[in-house]
Amino acid sequence: MDKVETEEVGTENVSVEEGEKEKVGTGKVETEKGEKGKTVTRKGETERVEAEGKHEPEKDEGRKEKTRRKRQVRSGGRLRKFRGGFLVPQEWYLEAGVHIGTKVKTGPMREFIYMRRNDGLYVLDIKKTDERLRKAAKILSRYEPQDIIVTASRVYSSIAGANFAKVTGAWLYPGRFIPGVLTNPYRPDFMEPKILIVSDPRGEREAIIEAGKMGIPVIALCDTDNVTRYIDYVIPCNNKGRKSLALMFYLLAREYLMSRGVISSYSEFKYPLKMFSDDTALKEIKEKQEKLLSEKHKTVKEPEETKEVIESIVVEQAEGELTEEEPAEPPPDAAVKKENVPLETSEQ
């Protein structure tokens, strides 16, 4: 047979003949008659190179299929479409500034910091952000939407949280958190959630403390300068930027609905990312929740009535005890005078 081509690879010479099969190392080299191109074997791995471009062999295709199936199993039965296993393309995180932290670093947030820039800003690791977002959505999927409350003390977090509440059906508590909302049942806005999402631990510290007293788990969006005391699960991210917060709540809403089985694929999630930066939903959510709370307050009047009844009973018992007791008789005046007379005057 005539030799088609001989190529030198490193220190090995590989020859290929038409219609010939030969073994080199641990790989197999096979060519067919009349085929244009060459076959190169390097360290037991086979590559088919044709005139138009490179084509991977069946062995590598089988290996890719196995890794694809493994990723599919790890992602809960659905294939991750984006490089690196991210929930969205990596560029989305970078464009939204999710990774940008502050110039302050706290001890509990060290494990989530990737590097420190020349200008002094700490940069968060977006891989850990992505992983923790996915796990947080799975935790939230165990609860009904009405059992979830989002606290948002900042304007941008209120806008993103309102859209999250609109999409999922969760509750939103925007603005300053008033003490007693989770602990005082006599308040008109008293709530009894089963899990709490905190947008900024610094501005919503009172909510975290009250949740700890009532045994409510807390998931918090934490920046590099936040303290994670009394927080059960941390999602490291930029919790001050508008785009960053919009992307965080967008992904939480999508993954929550996915884990709950409301949608079966990402294509069924019809809410765009831009919607989570729109403030139109904030007014709607406020009016809706105020109406529900007022109706709830009207129907539940038992605690106030029982309190008034108890107070009246206590007052009646106190008045009855005072009337039943007879006042002690004062001592006679003579006896008092005799006791006060000195001994010398009595002898005289």
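Each reported figure results from applying straightforward, stated rules to the coordinates on display, with no laboratory input. Worth saying up front: this structure is predicted, and the values here are computed from it rather than measured. Glycine gets a Cβ as well: all are built from the backbone with ideal geometry, and neighbour counts include every protein chain shown.
Placing pseudo-labels 7 Å out from each Cα toward the beta carbon at Y230 and N184 gives an inter-label distance of 1.6 nm. By the count of other C-beta atoms within 10 Å, a proxy for reagent exposure, K138, K274 are ordered fewest to most as K274, K138.
Projecting label points 7 angstrom from Cα along Cα→Cβ for E91 and V155 puts them 3.0 nm apart. Site pair R202 and E284 shows an inter-label distance of 3.3 nm when each label is modelled 7 Å from Cα along Cα→Cβ.
For region 259-284, backbone nitrogen atoms closer than 19 Å to the point 7 Å from R142 Cα along Cα-to-C-beta are found at 259-262. Computed from the C-beta positions of I209 and K270, the FRET efficiency with R₀ = 30 Å rounds to 0.20. For L124, nonlocal amide neighbours, meaning residues 5 or more places apart or on other chains whose placed amide H falls under 5 Å from its own, are I100, G101, Y114. Between the C-alpha center of region 239-290 and that of region 95-152 there is a gap of 17 Å.
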